[in-house]
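Worksheet for the structure shown next.
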Amino acid sequence: MSAIAALRNVTRVGPARLAAGMRVSMVSTMVRPMSKMTVAKVAGARAFSATSGRLGSGSSDLALSQKLQEELKYEQEALAEQADVTPEFLKSFLEQGVWSIDDVRGNDEVTMFRKFGDENLRLMFSIADIAPEENFDMEGESEEDQTPIPAIRVSLSITKNNGPGAMNVDLICEDTHMTVENISFYDDAKLGTELTAEADWNRRGLYIGPQFETLDVGVQDEFEKYLQERGINESLATFIPEYAAHKEQQEYVKWLGKVKNFIDL
């Protein structure tokens, strides 16, 4: 999903090398005594070199570290009241006992599972659709009423215990609604559900079905009823943005701390 960025190495003379250069210059000019101003400059260069050596290798490191600390403190204070406490919206959702959630810290994807008769449902979405600067609260609303809740892409896979194949449904979760974009079918359930580069490559070129909106209206209606019966409904469409915002906030705070520690090395 991400592009490979090319890195350029920028060569610059550091303070330590600058101080060393000044000492060489002093040796070559010993024929005349140093002025008080020259002595002060040399001492200042040495002091600056020692300071920058303790915190990264650039003159901007300290300022960046301080700004990161300010942001980290602000975000930690905002989450302080929720520390070690399951948010009410999540507690209520889990108490229903319908969906289980597989959420690995540090990953941007969330996977949900449920059983429906002999069917296995796997639903996946990414918090990459949630931007930190939009500042969504735990109710799924932004601080500014005019800022819309972002659309989140959702991938649903359905397999059966007593039969081959897998049906994949691409949906958009937006404004408490789940809108179907496409429904594809794979004869091989492993091919349709495996999350590997090889499986993704093998799926390319296969017919994935028509755009959902081009289907007969009657077929669309029955498909929507089929999904509603399996829990792909307004309740789920309300939960996903709330959980995505909750997880994104936690990952953002963790990211701030890691980056600050790296800058401080």
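If you go through the stretch 165-201 one residue at a time, how many are more than 18 Å from Arg122 (Cα to Cα) and in contact with a helix residue (DSSP H, G or I) (Cβ under 6 Å, 6 or more places away or on another chain)?
2
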Taking only pairs six or more apart or across chains, which ones have beta-carbon atoms under 8 Å, a first residue in the stretch 81-92 that is under 12 Å from Tyr243 (Cβ atoms), and a second residue that is open to solvent by less than 60 Å² (accessible area, probe 1.4 Å) and at pLDDT below 65?
Pro87/Met138; Phe89/Met138
Would you point out the residue of the stretch 193-212, among those that are part of a helix (DSSP H, G or I) and acidic (Asp, Glu), that is farthest from Val154 (Cα to Cα)?
Glu198
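Suppose we filter the stretch 75-114 for residues that are among the β-branched types (Val, Ile, Thr), over 14 Å from Lys254 (Cα atoms) and within 19 Å of the chain's Cα centre (by Cα); how many remain?
The total comes to 3.
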Only residues that are under 30 Å from Ser65 (Cα atoms) and surrounded by fewer than 20 Cβ atoms within 10 Å (Cβ to Cβ): list them for the stretch 228-246, please.
none
The stretch 108-129, subset surrounded by 13 or more Cβ atoms within 10 Å (Cβ to Cβ) and of a type in the set (Gly, Ala, Ser), residue farthest from Lys160 (Cα to Cα):
Ala128
Does the stretch 133-153 include one or more residues that are open to solvent by 40 Å² or more (accessible area, probe 1.4 Å), under 17 Å from the mean Cα position of the chain (by Cα) and at pLDDT 95 or above?
yes
Test: residue in the stretch 190-211 that is of a type in the set (D, E, K, R), open to solvent by less than 80 Å² (accessible area, probe 1.4 Å) and closer than 20 Å to Asp118 by Cα:
yes
One residue is enough: does the stretch 90-107 have a residue meeting the conditions of a type in the set (A, V, I, L, M), open to solvent by less than 70 Å² (accessible area, probe 1.4 Å) and assigned to a helix (DSSP H, G or I)?
yes
So Gly231 ticks every box in (1) modelled with pLDDT of 95 or more; (2) assigned to a helix (DSSP H, G or I) but one. Which box is left unticked?
(2)
Cβ-Cβ distance below 9 Å, separation of 6 or more or different chains: which pairs start in the stretch 240-265 with a residue that is of a type in the set (S, T, N, Q) and end on one that is assigned to a helix (DSSP H, G or I) and open to solvent by less than 30 Å² (accessible area, probe 1.4 Å)?
Gln249/Glu75
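The values are calculated or read from the model by the stated rules, or taken from the named source; none is laboratory data. All values derive from a computational prediction rather than experimental measurement. Note that each Cβ is placed from the backbone with ideal geometry, even for glycine, and that neighbours are counted across all protein chains shown. The area values use the complete protein model at the heavy-atom level, side chains included, leaving out ligands, DNA and RNA. Shrake-Rupley method; radii C 1.70, N 1.55, O 1.52, S 1.80 Å.
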